[in-house]
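What follows is one structure encoded as structure tokens, with my remarks underneath.
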Amino acid sequence: MAIEIPKSPEELPTTSPRFVGKNVNRIEDPGLVAGTTEFIDNFSLPGMLHCAILRSPHAHARVVKVNADAAAQLPGVEAVLTGEDIKRWCNPATTSPEGWGTYPMAVDKVLFVGEPVAAVAASSRYVAEDALELIEVEYETLPVVKDAREGLKPDSPVLFEQHESNVIHDRTHIWGDVDKVFAEADHVIQEKFRWNRCGANPMETFGCVCQWDVIQDNLTCHGSYQTPGFIGLGRSASLNLPSNKIKVVSHPHGGSFGGKGGPRGTDIASLLSRKANGKPVKYIEDRMEYLTAGGGQSWDRYYDASIAVKADGTVTGFKVDLLDDQGAGAEGYGTISVAKPLAAFTGCYRIEAAKYSLKLVATNRAPTYPYRGYGPPPHNFVLESLMDKAARSLQIDVAEIRRLNYIRPDQFPYTIPSGNEYDSGNYEAVLDKVLDMADYKKMREEQAKAQAEGRLVGIGVASTVEPGVFDWNAYATVGVPGVGVPEGVKVSIDILGNITVTVGFSLEGQGQYTLAVQIVADYFGVEMDAVRVAYAATDVAPPHFGPGGSRLGVALSGAILGACKKIEEKFRIVAAGLMQCEPEHMELMDGLMRIKGVPGAEMPIAAVAGAMLARSDLLPPGMEPCPEATYVWTAPGRNEPDDQGRCKSYLTAANATHVVLVEVDRDTGFTDILQYFIVDDCGTRLNPSTVEGQLQGGVAQGVGAALYEEYVYSDDAQPLASTFMDYLLPTVSEVPITEKGEVVTPSPFTPLGAKGCGEGAIHTTPAVIVCAINDALSPLGVQVRETPASPNRVWNLIQQAQQ
């Protein structure tokens, strides 16, 4: 039977939604505030050991010999793991493209500083760390590939010796007649850009507690896992265990943003448990380990890009040549971050043709991993910078050149050159609203006065699309297979009418459990405190992916509504039998099963559930006494990519325009954000306060990427940012409280009309801040083309202009 999922809150079986679309208190917060939420470092098991990992001090070296005899004899040490164990028990990591992964611990040579070379499990972390000092490792250092440009040179050392070069992926996508639109253009605006590494840096680093049942040959992994199902599948491949013998239990965790990592740490802790005869082993990554070799480094890029522009400012073509430094292989699936821009390659604009040339290179830097946005933020920085440069060249206001090129409301659904379909939008309305909020005309007048006084004041305007609800097909260009990403839930109603929603992901901070309660409470007409959300480990959970790719709000809504609809259909049949009418005459409304058009002929859902569970003699023939249902949702209409990677990939296209006012200090190069305005359109706002939080969090991370954060490496690939003294995060003093507004164009394709909004402002904030800085510097004739726009970089540009 086909399940019809409500496309708007008004289609829910309630006279008026009380919770969906409203600001409600988050159900997750009491445990967080009281300190009773169990994070992984609060978790322990009887007889638990503690893991410490010995890491390579070299970026590239052969491991000649590892002598761990003295460490193994230290009192309190229960197991020591070396490359010999790994080679015997493990497989290299699976990657996309295949063949660019290594073992969880070096077996022949190390490829980056911080790569594990040995590990110890002991009675305490202190003993384990002491044992590491007793392990002797003999290295033979090798020439280093310090960055992607070096990795392309013909005489560069080849890091993965089974390959002929360090090039992981080399491909050009062409969409439309690119040569023609550039040949016919009145202007070609070209520029080179550099986006330096930044990353997730969640408050909590990775941690796990792993126990290998050596009798049954089963493995249980507790940890701060963002996508537990995929962690389980990966461990099956690397540890040579059947997938149904691995149980992954995801604990609430302090953010992930894609950059939690965990495969190496989980494999090492698991194998230490195996060597320790099945005792559980805890590994908690410390901050220096995370900054040096964890899963928090992303987007190390060199761009050469151009747009074709007509005399009136119409942009007709866009070309991007990208050189991407993946670090020491593709184990972290950083490759996906260069594929995701296909989902919104031309941004908000009616650009008719585009070209995307990709080179992904392995180097002796740490492997790159996902980070919030997963690739488009640097791409948007490039496109929006080119739009500004075109506006200045043609003497058009930066807001007006965007307005001129926007996709129009009547063109949706709109297919962009790279193949994805945008669901809905009104970009001009978003622009108008944010310009009005900012009093843009007055802002420009005030800027002119400041410039007349010699101050460097700039205004940035940037418009972007946030692709939401990803599909695997978006990443086919780098070898990821599949179409369809399932998200399943089970909804159960007990004999007293209380409801439990079972999901396969744990608390991560974005309020998804609250959303589940809002939807179920409105659907069945109960109070929110009558609904509980339960986490299920991978061995019993419905098929699921969890948070990632701005998808879970939409996917979770679809799964819950599908399960609720299936229960409603059961209740319709049961209530019809009890009330002696045909099922088609029954309807669910405001928590009551009622006969249409017969006032007072009704039963509360609790009574129907009670009858199913306690009076099976009254049930229609063939009806199970089971007031519960499981439903697995996946995005409709997805398809396989063509030979140029074109497909319907991300289901939704949220939109935002930001306006920011900055001032640059001539003497120090410091950028002060004076005012910041946002208007966004993410369709139906299922919980406005959650959207607000996502936006403000994205602004914080965008400010960091634009102005502060950078993983710096020396010429011998030594990481120079291993503490927060070196890797600068913005604090509350640097992140502006933004003024926000909204435009709502519901998606015609999604449950309740919502669009993905989890990545939020990080898609736009780096671009708009750099555009504002460049506006401030424009009287000097210099421009920022490299992130972060740190005081030193900006100061050097100012000095260059004064020479």
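The values are calculated or read from the model by the stated rules, or taken from the named source; none is laboratory data. Since the model is a prediction, treat every value here as computed from it, not as a measurement. Cβ placement follows ideal geometry from the backbone for every residue including glycine, while neighbour counts extend to all protein chains displayed. Areas reflect the complete protein model, heavy atoms only, side chains present, ligands, DNA and RNA absent. Shrake-Rupley method; radii C 1.70, N 1.55, O 1.52, S 1.80 Å.
Residues checked against (1) over 34 Å from the mean Cα position of the chain (by Cα); (2) more than 30 Å from residue 76 (Cβ to Cβ):
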position	(1), (2)
106	no, no
115	no, no
141	yes, yes
152	no, yes
161	no, yes
Confirm whether residue 724 is closer than 26 Å to residue 341 by Cα, assigned to a loop (DSSP other than H, G, I, E, B) and of a type in the set (Phe, Trp, Tyr).
-> no
Residues of the stretch 1-44 being open to solvent by less than 30 Å² (accessible area, probe 1.4 Å) and in contact with a His (Cβ under 7 Å, 6 or more places away or on another chain), which ones?
-> 40, 43
Note down all Cβ pairs under 8 Å where the first residue falls in the stretch 1-20 and is closer than 20 Å to residue 636 by Cβ, the second is open to solvent by 20 Å² or more (accessible area, probe 1.4 Å) and small (Gly, Ala, Ser), and they're at least six residues apart or on different chains.
-> 9/21
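Yes/no matrix, rows are residues, columns are (1) touching a Cys at 6+ places or on another chain (Cβ under 7 Å); (2) in the same structural domain as residue 763 (by TED's automatic domain parsing); (3) open to solvent by less than 40 Å² (accessible area, probe 1.4 Å):
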| residue | (1), (2), (3) |
| --- | --- |
| 444 | no, yes, no |
| 452 | no, yes, no |
| 455 | no, yes, no |
| 460 | yes, yes, yes |
| 469 | no, yes, yes |
| 490 | no, no, no |
| 505 | no, no, yes |
State yes or no: is residue 208 crowded, with 24+ Cβ neighbours inside 10 Å and without any contact (Cβ under 8 Å) to a residue 60 or more places away in the chain?
-> no
For the subset of the stretch 656-669 comprising residues that are out of contact with any Lys or Arg (no Cβ under 9 Å at 6 or more places or on another chain) and under 23 Å from residue 381 (Cα atoms), which member is most open to solvent (accessible area, probe 1.4 Å)?
-> 665
Flag for residue 764 being closer than 17 Å to residue 458 by Cα, assigned by TED's automatic domain parsing to the domain that holds residue 669, under 23 Å from the mean Cα position of the chain (by Cα) and in contact (Cβ under 8 Å) with a residue 12 or more places away in the chain = yes
Scanning the stretch 459-508 for residues that are of a type in the set (Asp, Glu) and assigned to a strand (DSSP E or B), the one farthest from residue 611 (Cα to Cα) turns out to be 466
Among the residues of the stretch 650-689, write down those that are among the hydrophobic types (A, V, I, L, M, F, W, C), closer than 30 Å to residue 519 by Cβ, assigned to a loop (DSSP other than H, G, I, E, B) and over 20 Å from the mean Cα position of the chain (by Cα).
-> none
Go over the candidates 706, 717 one by one and state the one that is modelled with pLDDT of 95 or more, open to solvent by less than 30 Å² (accessible area, probe 1.4 Å) and either closer than 30 Å to residue 60 by Cβ or assigned to a loop (DSSP other than H, G, I, E, B) (or both).
-> 717
Residue identified as open to solvent by 10 Å² or more (accessible area, probe 1.4 Å) and among the hydroxyl-bearing types (Ser, Thr, Tyr) among 266, 314 = 314
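Checking the structure you have, find out if any residue of the stretch 759-774 is modelled with pLDDT of 95 or more, of a type outside the set (Gly, Ala, Ser) and open to solvent by 40 Å² or more (accessible area, probe 1.4 Å).
The answer is no, given that none of the residues of the stretch 759-774 is modelled with pLDDT of 95 or more, of a type outside the set (Gly, Ala, Ser) and open to solvent by 40 Å² or more (accessible area, probe 1.4 Å).
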Do you know which residues across the stretch 329-345 are under 20 Å from residue 194 (Cα atoms) and over 17 Å from the mean Cα position of the chain (by Cα)?
-> 345
Subset of the stretch 245-255 [touching a strand residue (DSSP E or B) at 6+ places or on another chain (Cβ under 9 Å) and not in a strand (DSSP E or B)] | 245, 251, 252, 253
Test result for residue 648, in contact (Cβ under 8 Å) with a residue 40 or more places away in the chain and open to solvent by 60 Å² or more (accessible area, probe 1.4 Å) | yes
Quick check: anything in the stretch 542-550 in the same structural domain as residue 514 (by TED's automatic domain parsing), modelled with pLDDT of 95 or more and of a type in the set (S, T, N, Q)?
-> no
Elements of type strands (runs of 3 or more DSSP E) in the stretch 89-185, at least 2 residues being within 30 Å of residue 286 (Cβ to Cβ) and open to solvent by 60 Å² or more (accessible area, probe 1.4 Å) | 136-141
How many of the residues in the stretch 517-572 are among the aromatic types (Phe, Trp, Tyr) and either open to solvent by less than 10 Å² (accessible area, probe 1.4 Å) or part of a helix (DSSP H, G or I) (or both)?
-> 3
So, first residue under 22 Å from residue 339 (Cβ atoms) and assigned by TED's automatic domain parsing to the domain that holds residue 320 in the stretch 146-174, second residue modelled with pLDDT under 95 and assigned to a loop (DSSP other than H, G, I, E, B), Cβ within less than 6 Å, six or more apart or across chains; the pairs are none
Residues in the stretch 40-53: is at least one at pLDDT below 95 and either out of contact with any strand residue (DSSP E or B) (no Cβ under 7 Å at 6 or more places or on another chain) or in a loop (DSSP other than H, G, I, E, B) (or both)?
-> no
Selection status of residue 57, open to solvent by 50 Å² or more (accessible area, probe 1.4 Å), more than 30 Å from residue 747 (Cβ to Cβ), out of contact with any Asp or Glu (no Cβ under 6 Å at 6 or more places or on another chain) and modelled with pLDDT under 95 = no
Please verify whether the stretch 693-703 includes one or more residues that are in the same structural domain as residue 431 (by TED's automatic domain parsing), in a loop (DSSP other than H, G, I, E, B) and in contact with a Phe, Trp or Tyr (Cβ under 9 Å, 6 or more places away or on another chain).
-> no
Residue count, the stretch 116-139, condition without any contact (Cβ under 8 Å) to a residue 12 or more places away in the chain and in contact with a Ser or Thr (Cβ under 9 Å, 6 or more places away or on another chain), comes to 0
For the stretch 605-622, indicate whether the set of residues that are without any contact (Cβ under 8 Å) to a residue 24 or more places away in the chain, of a type in the set (D, E, K, R) and open to solvent by 10 Å² or more (accessible area, probe 1.4 Å) is non-empty.
-> yes
Selection from the stretch 444-458 of residues that are basic (Lys, Arg) and either in a helix (DSSP H, G or I) or out of contact with any strand residue (DSSP E or B) (no Cβ under 8 Å at 6 or more places or on another chain) (or both) | 444, 449
